[in-house]
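One structure below.
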Amino acid sequence: MEELILTPTECVALINQTLEIAYPTILVEGEIGSFKYSRDKYVFFDLKDDEVTLGCFMMAWQLRTPLEDGMKVKVLGEPRLTRWGKFSLTIRQVMPVGAGSIKKAFELLQKKLAAEGLLDPARKRPLPALPRRIGVISSMQSAGFADFQKIINARWGGVTLEVADVQVQGLPAIEQNIAAIQYFNQQAIPVEVIVIIRGGGSADDLAAYNDEQLARTIAASRIPTLVGVGHEVDTSLADLVADVRAATPSNAAQLVVPDRQELLGALGHRTQRLARLASSHIERQGHRVLLLQQRIASAVDFQPNQTALAHTKERLITREQHYMLQLRHTLESSQRTLRQVDPRLVVKRGYALVRDQQGRCLTSGAELSAGSEIVVQFADASVDAAVKSVRIA
Amino acid sequence: MKDQPQTFEQKMAELDAIMEWFDSDEVTLDESIKQFERGMKLSGELEKELQQAENKVEKIKQKFNKITS
């Protein structure tokens, strides 16, 4: 049997091939030690527990979380032997774990982003008042998304939620949220607002929303952003860079669409006011029609029903008071009210409209003269009449 | 004149304009009937839009899974 003799290069290559097949990537959680930058391009640190210390290496641009010795982190890395035959993890992603580390990383990053002006209130854009298309980035199976959808449905209608179904915790959540924001920003007809939501969880669960690159992607979005992550007490970097921050997913729903009850109220108010304006106007016109009609009646020797006219006038005035009361009523009743003041109904109640040959309503008899041809319009018929004489009142 | 259908906001603004018109002095009976009917139509349309209950949920087909671990 022939012995297999390798060169050192071949040996390292063989072991690396074996590692690559067995463990393309592994997740390791431990404490950071001996953290240092090298020429601003590379990052070296140790990952350790009580027994073991693992050497780690990564490209500086891939590091999105400020690190310090003593912080607990979870890393995604590729196990490798180096050219010096030493074992090392080539790190792809780092996430702080544990409340203390997360807080530390958060503070460091917040300071950095603030220094760049990314948290500046002047950067914040308002959300559209009545969006028709809303981009949502969340996990469709999550309770947070269910809450959001429920509140949207309760408040508003006619909206399309375009949902990017992503993971909302762990390392994949970061890339997926970033990819989804970029997707929305690249559409030819973009959504009007992007809503990033995630329900409550532990500091570890929410850590993805403190990622520097995700924060920068949110800040760079052309489409206004609304972020509602965790509970009210939770503040993430994503919250801080968003145009608008919601306390929770439910709160995000309240901020992104108006309440139809509020708008129905506002509409009811307007409709009632229109009813009052129209009714008082028609009443004023009613008086003028009354006078004109009397004048015409005597001119064309036509006897109007005086009792009916007086009665109608009284009803007009009563109805006026009625509208004032109706102010407090709902929109539905106000619209019914509106129909009651339809001018055509006034004619039905015993008034007649007087028009000239061109069909214009006449509101003054002074412009008529003997021989003028007029049309008296009752509810059931129009009467062509000629003026005998005009006496100016 | 209007190729695009009016938005909710535009209709609301027109309704406000009609009420302002009623406050003005140039009110004539013919025009008031027209304005009144227009206001009523707008109000009905707005209410119908507000009563619209359905929201749509569309899941984006593109996958955002760049990383699997």
Problem - Test: residue in region B:37-46 that is surrounded by fewer than 18 Cβ atoms within 10 Å (Cβ to Cβ), within 10 Å of chain A (Cβ to nearest Cβ), modelled with pLDDT of 85 or more and farther than 30 Å from A:LEU362 by Cα - result: yes
Practice task
Return yes when B:GLU9 is at pLDDT 80 or above and farther than 27 Å from A:ASP342 by Cα and no when it is not.
Solution key: no
Exercise for the section: Run down A:PRO249, A:PRO224 and say which single residue is more than 14 Å from chain B (Cβ to nearest Cβ) and in contact with a helix residue (DSSP H, G or I) (Cβ under 7 Å, 6 or more places away or on another chain). Expected result: A:PRO249
Exercise for the section: Could you tell me whether region A:47-55 includes any residue that is touching a Cys at 6+ places or on another chain (Cβ under 7 Å), within 20 Å of A:ASP204 (Cβ to Cβ) and not assigned by TED's automatic domain parsing to the domain that holds A:GLU175? Expected result: yes
Exercise for the section: Kindly indicate whether A:GLN285 is touching a residue at least 24 places away in the same chain (Cβ under 8 Å) and outside the structural domain of A:ALA154 (by TED's automatic domain parsing). Expected result: yes
Problem - B:SER32 vs. criteria facing another protein chain (nearest Cβ under 7 Å), modelled with pLDDT under 80, surrounded by 13 or more Cβ atoms within 10 Å (Cβ to Cβ) and in a helix (DSSP H, G or I) - result: yes
Handout entry: Residue check, A:GLY135 farther than 18 Å from A:THR235 by Cα and crowded, with 21+ Cβ neighbours inside 10 Å
Key = yes
Problem - Tally of residues being surrounded by fewer than 21 Cβ atoms within 10 Å (Cβ to Cβ), assigned to a strand (DSSP E or B) and free of Cβ contacts under 8 Å to residues at least 60 places away in the same chain across region A:215-263 - result: 1
Exercise for the section: Would you check if there is a residue in region A:185-207 being among the basic types (Lys, Arg), surrounded by fewer than 21 Cβ atoms within 10 Å (Cβ to Cβ), within 18 Å of the chain's Cα centre (by Cα) and at pLDDT 90 or above? Expected result: no
Exercise for the section: Considering every residue within region A:166-173, establish whether at least one is within 30 Å of B:GLN52 (Cα to Cα), at the interface with chain B (Cβ under 10 Å from one of its Cβ atoms) and surrounded by fewer than 18 Cβ atoms within 10 Å (Cβ to Cβ). Expected result: no
Practice task
Evaluate the following for A:ILE151: is it touching a residue at least 60 places away in the same chain (Cβ under 8 Å), more than 7 Å from every other protein chain (Cβ to nearest Cβ) and not in a loop (DSSP other than H, G, I, E, B)?
Solution key: yes
Handout entry: strands (runs of 3 or more DSSP E) wholly inside region A:309-393 that include at least 2 residues being at pLDDT 80 or above and among the small types (Gly, Ala, Ser)
Key = A:382-386
Practice task
Specify the residue that is surrounded by the fewest Cβ atoms within 10 Å (Cβ to Cβ); the eligible residues are those in region A:266-275 that are in contact (Cβ under 8 Å) with a residue 12 or more places away in the chain and small (Gly, Ala, Ser).
Solution key: A:GLY268
Exercise for the section: Please go through region A:1-31 and pick out each residue that is in a helix (DSSP H, G or I) and among the charged types (D, E, K, R). Expected result: A:GLU10, A:GLU20
Handout entry: Verdict on A:ASP69 being part of a loop (DSSP other than H, G, I, E, B), over 36 Å from the mean Cα position of the chain (by Cα) and at negative phi
Key = yes
Fill in the blank from the handout: Expected output for region A:188-199 (first residue in the same structural domain as A:ALA238 (by TED's automatic domain parsing), partner among the polar types (S, T, N, Q) and assigned to a strand (DSSP E or B), Cβ below 6 Å, 6+ apart or cross-chain) is A:ILE194/A:THR225; A:ILE197/A:SER138
Handout entry: So A:ALA146, is it at pLDDT below 90 and part of a helix (DSSP H, G or I)
Key = no
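The values are calculated or read from the model by the stated rules, or taken from the named source; none is laboratory data. Keep in mind it's a predicted model, so treat the numbers as computed, not measured. Because the Cβ atoms are built from the backbone with ideal geometry, glycine has one as well, and the counts that use them run over all protein chains shown.
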